[in-house]
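In what follows, a structure is listed as structure tokens, so that the remarks can point back to it.
The values are calculated or read from the model by the stated rules, or taken from the named source; none is laboratory data. These figures come from a predicted structure and were not determined experimentally. All Cβ positions, even for glycine, are placed from backbone atoms using ideal geometry, and neighbour counts span all protein chains on display.
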Amino acid sequence: MSSTNPNVKMVDSHTGTATTGHEWDGIQELNTPLPRWWLIILWASVIWSFGYVVVYPAIPLVSSFTTGMFGWSSRGDVAAELNSLKALRGPMVNALNGATLADIEKDPKLLTFARAQGKAAFGDNCAPCHGAGGGGSKGFANLNDDDWLWGGKLEDIQATISFGVRSGHGKARDGSMPAFGRDGILKTAEMSQVADYVLSLSGLPTDKGFDKAAGAKIFEENCAACHGPEGKGDMALGSPNLTDKIWLFGGDKASITEGLTNGRGNVMPAWVDRLDDTTIKALTVYVHTLGGGK
């Protein structure tokens, strides 16, 4: 049985506290007041919240919000800090703007600054594809080695970053590998032979019974125009060196055959319209000094 009659109250003999009149199976609820310290904190918080609403932005409106007496905003605070940082970096940025790429790498102070700027820009824009340290992954170039599709000199890297690869920009790096299988240029057996021949150029294992002469003939007729008669590639066309055992999409026969079948042609964005000249210059220096710049 329970009672909710507030008029039936008693004083608990153990604590001396009155009950609320609520009882359940002989258990009565004590009317214990809240601790004074807790009430003080509660009301202090209420008073503080009213003050906060008046002083800081707090109440959302239809298309805006109340700005508060101080006119403070987190966005404004960040903008002020960024402006302060720009002012601090101003002299070095100006020096970076006025220096050539070669001069930057000769000046230890400018080089350190450019690498720091470039590393930050790389993390924001390039790392999703090339990895945080530029190590790349399948289909995305490793920027730490000395193997370059479009050239590893400072000017080459700057042009690639600025205009991209197959990006649609008028000055973009262009050229792609045809889909020999999908477009019916080569038959399955021919692609198998030329894939084995490509493997042999790097001294990698080939299928048993591989006819090297037949593979070489197919390579000469279909691949040598871009990759060169010896398979060493051509940076002007972005065609890779097939003899160095460095593979962008994988160096096993299945990967090579897949490339022959469907072609290759990844896209790198043109950054010239997204990043300012100073950032592109810093990125160029950073990538060049990762370990593989010529």
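What the table shows:
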{"quantity": "Positions within segment 137-179 being of a type in the set (Gly, Ala, Ser) and touching a residue at least 24 places away in the same chain (Cβ under 8 Å), in sequence order", "calculated": "Gly139, Ala141, Gly151, Gly152, Ser162, Gly164, Ser167, Gly168, Ala172, Gly175, Ser176, Ala179"}
{"quantity": "Residue selected from segment 243-263 under the condition buried (at least 17 other Cβ atoms within 10 Å of the Cβ) and out of contact with any Ser or Thr (no Cβ under 6 Å at 6 or more places or on another chain), by the criterion nearest to Phe180 (Cα to Cα)", "calculated": "Leu260"}
{"quantity": "Top-ranked residue in segment 274-289 [being more than 17 Å from the chain's Cα centre (by Cα) and part of a loop (DSSP other than H, G, I, E, B); ranked as nearest to Ile185 (Cα to Cα)]", "calculated": "Thr289"}
{"quantity": "Residue satisfying all of: in segment 238-273; without any contact (Cβ under 8 Å) to a residue 24 or more places away in the chain and not in a loop (DSSP other than H, G, I, E, B); farthest from the chain's Cα centre (by Cα) among these", "calculated": "Ala254"}
{"quantity": "Yes/no for Ile218 being of a type in the set (Val, Ile, Thr) and touching a residue at least 60 places away in the same chain (Cβ under 8 Å)", "calculated": "no"}
{"quantity": "Test: Gly168 is surrounded by fewer than 13 Cβ atoms within 10 Å (Cβ to Cβ) and closer than 21 Å to Ser239 by Cβ", "calculated": "yes"}
{"quantity": "Close pairs from segment 82-97: first touching a residue at least 40 places away in the same chain (Cβ under 8 Å) and under 16 Å from Gly118 (Cα atoms), partner surrounded by 10 or more Cβ atoms within 10 Å (Cβ to Cβ) and among the aliphatic types (A, V, I, L, M), Cβ under 8 Å, at least 6 apart", "calculated": "Leu96/Ile104; Leu96/Leu110; Leu96/Ala114; Leu96/Ala282"}
{"quantity": "Among the candidates Leu96, Leu143, Leu111, residue that is in a loop (DSSP other than H, G, I, E, B), of a type in the set (A, V, I, L, M, F, W, C) and not assigned by TED's automatic domain parsing to the domain that holds Gly233", "calculated": "Leu143"}
{"quantity": "Where Ser162 falls short, out of the listed (1) out of contact with any strand residue (DSSP E or B) (no Cβ under 6 Å at 6 or more places or on another chain); (2) assigned to a loop (DSSP other than H, G, I, E, B)", "calculated": "(2)"}
{"quantity": "Members of segment 180-202 found to be among the aromatic types (Phe, Trp, Tyr) and farther than 13 Å from Lys253 by Cβ, listed by number", "calculated": "Phe180"}
